[in-house]
1. Yes or no: region A:706-727 includes at least one residue that is farther than 30 Å from A:Gly168 by Cα, more than 14 Å from chain B (Cβ to nearest Cβ) and open to solvent by 40 Å² or more (accessible area, probe 1.4 Å).
2. When the residues of region A:398-435 are narrowed to those that are assigned to a strand (DSSP E or B) and of a type outside the set (Val, Ile, Thr), which ends up farthest from A:Ser358 (Cα to Cα)?
3. Of all the strands (runs of 3 or more DSSP E) wholly in region A:27-136, which have at least 3 residues that are closer than 30 Å to A:Leu149 by Cβ?
4. What number of residues within region B:154-213 satisfy the criterion of being polar (S, T, N, Q) and not in a loop (DSSP other than H, G, I, E, B)?
5. Please determine whether any residue of region A:617-633 is assigned to a loop (DSSP other than H, G, I, E, B), under 27 Å from A:Thr588 (Cα atoms) and aliphatic (A, V, I, L, M).
6. Show the residue pairs meeting these rules: Cβ distance below 6 Å; 6+ apart or different chains; first residue within region A:643-664 and more than 7 Å from chain B (Cβ to nearest Cβ); second residue of a type in the set (Asp, Glu) and surrounded by fewer than 20 Cβ atoms within 10 Å (Cβ to Cβ).
7. What residue, among those in region B:239-285 that are of a type in the set (Asp, Glu) and surrounded by 17 or more Cβ atoms within 10 Å (Cβ to Cβ), is farthest from the chain's Cα centre (by Cα)?
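The values are calculated or read from the model by the stated rules, or taken from the named source; none is laboratory data. In this text the structure is predicted, and so the values were computed from the model without any measurement. Glycine gets a Cβ as well: all are built from the backbone with ideal geometry, and neighbour counts include every protein chain shown. Just so you know, the surface numbers come from the protein's heavy atoms only, side chains and all, with ligands and any DNA or RNA stripped out. Shrake-Rupley method; radii C 1.70, N 1.55, O 1.52, S 1.80 Å.
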Amino acid sequence: MKTKFNGILTLLLAFVVQLTFAQEKTISGTVVDETNMPLPGATVVIKGTTTGTSTDFDGKYSISANTGDVLTFSYVGYSEQDATVGAETTIDIALALDNSLEEVVITALGVVRKQEDITYANEVVKSEELTKAANANAIESLTGKVSGLQINTTGTGVNPNKDIILRGFASVTGDNNALIVIDDVISTSATFNNLDPNVIDSVNVLKGPVGAALYGAEAGNGVIIVTTKKGSKDGKLSVDIKSTLSYTEISFLPQRQDRFGQGYQGDWDWTEQTSWGPEYDGSTQVTGIPYPTSSDWRYGVYNHREDHIKDFFTTGIEDQNTVSLSAGDKDGYVNVTGNRVNTEGITPGDERIKNFFSLNAGKKIGKFSVKGIARYTTVKTDVANGNSYSDLSQSASNIDINSFSSGNNRDHWTLYADSPYWNLKNRRTSGNTNRFEGVIDLGYEINNNINVILRSSINETSGSSTGYVNEFTETDSFIIGLSDTNITSAYASNSNSFRKMYTDLLTNFNYDLSDNFSFTGLLGYNQQETRSNSKDITGSGFTIPGFYHVGNLELVDDPTEATSKTRTQSVMGSAEFGYKNFATLLLTGRNDWFSKLSKDERSIFYPSVSFSFVPTKAFPSLKSKVLNKAKLYGGWTSVANTSSVGAYSINERAFGPTGFPFTNGTNPSGNSFIAVSSLTDANIVPEVVTTVEFGGNFDFWKVNGTSRLNLDVAYSNQTNSDQIFSITPSSASGLVGATVNVGQTTTDAFELDLSFTPIKTDNFEWRGRIGYSTYETIVDEVTDLSNSVTIRSTGTAGIVAQVGEAWPSIQGTTYTRDDQGRVVLDANGNPIVSSELSILGKVTPDYTINFNTSVSYKSLTLGATLDYRTGHSFYSGIANNYAFTGSSVESAINGREAFLFPNSTIQGSGTTNTSVLTAGPDYAAYQTYFTSNYASIDENFVLDATAVKLRELSLSYDFNKKVLDALGLSKLSAGIAGRNLYTWLPKENRQYNDPEIGTGLSGYSTTPPTRSYAFSVNLSF
Amino acid sequence: MKYINKIMCLAIVLATFVSCDDYLDVNKDPNNPVLADITPDLMLAGAQTTTGGVLSTRLNRVGSTLAGAWGGNVLQFADPFGNEFRFNVTSTFYNDIWDDLYRRTSNYTNIINYTGGNYTDHQAIAKILRAFYFQYLVDVYGDIPYFGKHQYTELLQVPYDDDALIYADLLNELNNAITMIDNSAGAFTVGNEDAIYQGNMTMWRKFANTLKLRLIVRQSNVISLADAQAALAGLSTTDFIGFGDNAAMNPGYAKETDRQNPFFEIFGYSAAGATNNTFVTGTEFALQMVDGTVSGTGTVDGRRSSMYRTNNGGNYVGIEQGQVLGNLTPAEAGDGFSFLGAGYGVDANTTANATKDTHIFTEAESFFLQAEAVTRGYMPGTGLTLFNNGIQASFNLLGATGSAAYQADIVAANGFGYAGSTDQLIEAIISQKWIALQSINGAESWIEMTRTGYPDAPLPLNQPSTVRAVKLLYPISEIQGNSANVPVNQTTADTFVNTVFWN
């Protein structure tokens, strides 16, 4: 018994030993892709060694391995798979597409996350989408592409300013612009404005504070994260050249009445800029000032000329060229880009030249990684000062603008303004800005789980501008007797500098806590400093004409200077727990210390908690042919909007009262300083922004790796409290004004995006995206003592924050109405202007729909961006001006005769008015009615701001492989595009304004609204 | 290996981490002077001119009109002083007096609270002047915020305090100031930054004592004889402002924009070239006070030609308050009325006028206060001498001659000269003070008329009230900014009821 047992044991042992010291054997098999086709060139490697091979043309491989070895199969674009060598000698593998590679996004502080792990609302815009219409401006390229994002232009011309607003204007007195992050460092809107869109790889828009919570006090308005291109990964040097030529012209001009021309009170008047003249009759009339001498009368045909001011403007031309060299492999990259944009505006002589250079390089050496970015931008502008558009509009439509174009201020159609042609030469400002940005990013992998990053950047901008007005002396004694037209020469120069330094020190942790739980964490420290300085010198009276220099001025005003410096220090941390691969819980916290707050209030903590859950992965049964993926997410955060507190605001300042220093007399008191009477509360804190957000992403009908329908929904509710307002305290405090934390608004926002790809074949693809967004901010509280605060105004019309109303709201004067809704007139038939101001409309739309689509057939791609917004109003300063000058259609509708005001009542009568006429009995009375009564009632000029805009239309052609090979290129495409091609406005807005220019109160900007046509060629090799 | 890596990381962190407070301590405004850096000697002049301006223009204007001394030139202006003559007193009527006095006196508080050096003399001056202006606030408004005042953003809604308690504290403050002056060895010397006395602390002692005297005499209707005597014990005429001690402020006025005497700027000729001296005329009553009508002697007061200018007809004629153009006779309308004269420096656009002093506390008033105190038995002295000194001081100030003749002329007029019953003596003193102070410190004329009822000026025409306005209402800034503390909802009717404790 014993020996038999021993024998069997020995045999077993021998067997085991045999197995352990088994000979190497040959493993072979076939590797196929997700469509079961053989995958040539796939890599097969024995894990932990350098032994490997590749699959052949039929997807077959053959490798020597031992039992127990792990073979790793991989191919670019597919997920790696492992297989352990067992008893068999054949191992066949089917590799699956690695979807996660497509859906990696850069989030706050440069942390890279998979899109499906993101726990807040975001939208990514890729490079092709940004550049398809060849817009030279990066901010403008975003317009209409992201739901909930609104780009407001405040000013036109060659160098416009833009506001970037996400989910509306939640803060009443603070800045609502989103935070701009470029290549993981906090940057400025001005830098983004000058960035060449061709260097942008992607833009990740974090729509609300939940995603931006790691930025703490700057997160209140959402974040735009811009990532620039690095380099290719295939080891070769590639060169990319893009050249675009654009033409810009006026898009539309306000409608004008075509019945009455230059004159006053019904008579021809060659001095006037108003259109209160007699009816057009084709007669020949004196038009404009006699020139060159006071007996050289000019004559013109007294008839309407359609869009007569168009003749002043010219076609704008913009020439953009970008050259880019890039190279890279899996360890490093380098990208050098040069870009020049030369813009001539539609105002003759307006010019802007921008040069942009950037160098972006990085290398990974073992455990170290080094990345660096250097950018240098220069912008030079030379523009006419004065308001050409506004001046031109002060002319009756019978004026032939061209005949007054000599540029002499006396060669003009009116006595009461300066010639815009004279302004072109004699009121000008030239400026230049230089900006250098540098970023250094050093990383070190301590081990597989921990890495450290030190990222430091500097943004140094300096600028200067010089403006002048030349002298004009009236010599014509005839004119001198009529009006004082002399202009004193003047000079204004400014020099400014700005520097921002930013440093992040981050430690990233990445652990698998268990098979099911993963942990990603971050601990970091951040330090920022912003400095700025501005100096102004103004003066008047050039002794030597044309020599624009301080030394040449007869009178120099006291120069002024302002400097500012703020610093912040912060520590932050985040902890993200993942459960299996379908649930994520993210906790973040950041504590900021601000130099601009008092010591007691300096430290503020910003937490956030958010989650995401993918039910289709948690419950695979939910996954079907229809619903491919669903993700739900939600979060809460409390951050701040720190723009509302300025540097130095909490200082108790002193000032020199008027009259000091006294130096006369026998006992002069010299200089003295007393306390200012308006202070900011020393314990002021930034506005607090608390947000709750929920949303979901759903992918439907996945065919051949692409979801044919995606639905993204997000809802957020946000409270901006401790807003900063000025209140009137008791004067006994020593102050007549105090700025304190007191107001509150609540914002509800909802976005819905539907992306669809109905057709996708080898030759034809049609993709589109419809975005719907709506947001509304309601004022909960203004100050303890008042229900409404006017924030800014032009005359009686203004933007007001009123408790219970939407913010911003427009307020102004109205007709007085009785309780039956009839307009109350005085005994003379004139409407009575209300003594109080009323809310006349709201500035933000009820909803905005944006539509983006692209259709490609073989080598042709057609793209379009369209948006529609409605439910809001704006006050048109142009409409008001047209009413005052008699150019508006309303001023001529009834032939300028007295009329019966509809649905009116005479004050005190109690009955509907049927007999007393308004604006009678003659033309002069009509003019008086229109200019002083009608024009003073703001409700007449608050118009529907609805607009449908075809923002971009682009057609591009990619040359085929035969042509490319013949030319030695890797890519060649040509395209044409149109921007702002069409704007449909409601009838009420007689094309007075583009409601997007200006925020609520829209007046004359530098030029009328414009559209552009661009032709571009792009080649790479 | 692993440990070295960890230490390296820590080292990087520490190397870049700078002490929080030092790094963040960069918030001092480089573009404006900061209050904490302003020493009392730099603040005093501005404090004096900004508060003095309110006294010589706004308080002066409301007092001179409501006390019956100023009329409006209806020949050139529509409804001049309409609100004043109709007693249309509301929360926006001269509300700037409250706002400006409270905020500009905060500079005195800043000086008083300054701890960065020995500025005892400056602080004494600040205490005295702060008490000076707060007396006016109490006299004109009644209960006001006081003990919680001037704390800037630390206390934005200041509670109200009882006016009697405030008066008591003002007296305390003055006594403190005098003690400070007496013990200020080693303090920084006060120089020309003191636009009133150029640092002459002996003068400031006199000013403080005279202000104490004014505080006591103001309480004549409610104070007991014993208390009054106790408060003024040991003081004699040399302790008060006397001849040559005029508290006249002049920081260095010049005929330049923003540097002219403020009264001249508004009621004479502005630096921008506007002629402003045809708006104010003397009232009929005021002219009668100086042409012998009210005195009964028929002799013209020598000051008349300094106080007023002749009208177109070469005569001195005053207009009744509230008179309308339509009710004037053609002769009256043709000849016009008498505007303020050279004595107030508004007759001509000269440098001499533009650089005249602003009078804060006149010798005349000091003498009349002393005269009244003596007459009431508050302190020893000779009433008639003090009375005549007051008249002389007034003549001096107005640059008029004939003081002795005038004094002799009125010496027997009961209630006008220093003769008659005690009441008539008081009437005489107050009436002379009214003549002396109108157009210079009109607020005094008005407050004293409220206190005593003298002189018996007629009410304005064409208005319904049978009594005078005796105080201002709490301003709109209090109603909007401090509503929880304002003690009572006032209406125009309240302006006729004097609620101040000394009434």
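1. Yes, because at least one residue in region A:706-727 is farther than 30 Å from A:Gly168 by Cα, more than 14 Å from chain B (Cβ to nearest Cβ) and open to solvent by 40 Å² or more (accessible area, probe 1.4 Å).
2. Filtering region A:398-435 for residues assigned to a strand (DSSP E or B) gives A:427-435.
Next, only the ones that are of a type outside the set (Val, Ile, Thr) stay: A:427-428, A:430-432, A:434-435.
Working: A:Arg427: 35, A:Arg428: 32, A:Ser430: 25, A:Gly431: 22, A:Asn432: 19, A:Asn434: 14, A:Arg435: 12 Å.
Among those residues, the one meeting the criterion is A:Arg427.
3. Per the criteria, A:104-106, A:112-114, A:122-126.
4. 7
5. From region A:617-633, those assigned to a loop (DSSP other than H, G, I, E, B) are A:619, A:623-626; that's our starting set.
With the extra rule that they be under 27 Å from A:Thr588 (Cα atoms), the set shrinks to none.
No; the residues of region A:617-633 include none that is assigned to a loop (DSSP other than H, G, I, E, B), under 27 Å from A:Thr588 (Cα atoms) and aliphatic (A, V, I, L, M).
6. The qualifying pairs are A:Ser643/A:Asp175.
7. In this case the residue turns out to be B:Glu284.
Yes/no matrix, rows are residues, columns are (1) of a type in the set (Asp, Glu); (2) more than 18 Å from A:Tyr606 (Cβ to Cβ):
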site	(1), (2)
A:Asn552	no, yes
A:Asp557	yes, yes
A:Ser570	no, no
A:Gly573	no, no
A:Tyr579	no, yes
A:Leu587	no, no
A:Lys596	no, no
